[in-house]
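Have a look at the structure below before the remarks.
Here, each number is a calculation from the coordinates, and none is a lab measurement. Predicted model only: the values in this text are computed from it and were never measured. Heads up, the Cβs are rebuilt from the backbone with ideal geometry, glycines too, and the neighbour counts pull from every protein chain shown.
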Amino acid sequence: MKEAALRATSLNPSLPEAHVALGSVLSLLDWDWAAGEEELQKSIQLDKSDPIGHLAYGIQLACRGAQESA
């Protein structure tokens, strides 16, 4: 999944869905919260009206909060 998301962002860096995919992989599979957050924020910057970017970022923040409080 990570390879596909990296490839998608390299092929079209202006595609918000590619940044959502990469941010989700980095956050939820690699546990790289900072890098995941950066990608998810890029997604939102590229398309502020895309609910998937906002949803993925919210999930990342919720998981991060749960992880930090554990």
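The table below lists the values:
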{"read-out": "Candidates ALA18, ALA56, ALA34, ranked by Gaussian network fluctuation over the chain, Cα under 10 Å, top entry", "value": "ALA34"}
{"read-out": "Helix axis angle, 51-69 relative to the chain longest principal axis, alpha carbon, degrees", "value": "30"}
{"read-out": "Angle between the chain longest axis and helix 2-11 axis [Cα atoms, degrees, rounded to 10]", "value": "40"}
{"read-out": "The stretch 28-67: GluC sites (Glu not before Pro) falling in loop per DSSP and having at most 16 other Cβ within 10 Å", "value": "none"}
{"read-out": "Relative contact order (%) - criterion: Cα under 8 Å, at least six apart; region: the chain", "value": "27"}
{"read-out": "Loop sites in the chain: trypsin sites (Lys or Arg not before Pro), DSSP, at most 13 other Cβ within 10 Å", "value": "LYS48"}
{"read-out": "Max mean-square fluctuation residue, GNM over the chain, Cα-Cα springs under 10 Å, options SER27, SER14, SER43", "value": "SER14"}
{"read-out": "Point-charge dipole on Cβ atoms (K/R +1, D/E -1) for the chain, about Cα centre, debye to 20", "value": "80"}
{"read-out": "Approximate spin-label separation LEU61-SER49, in nm, with each point projected 7 Å along Cα-to-Cβ", "value": "2.2"}
{"read-out": "FRET efficiency, 1/(1 + (r/R0)^6) with R0 22 Å, evaluated for SER10 and ASP30 via beta carbons", "value": "0.80"}
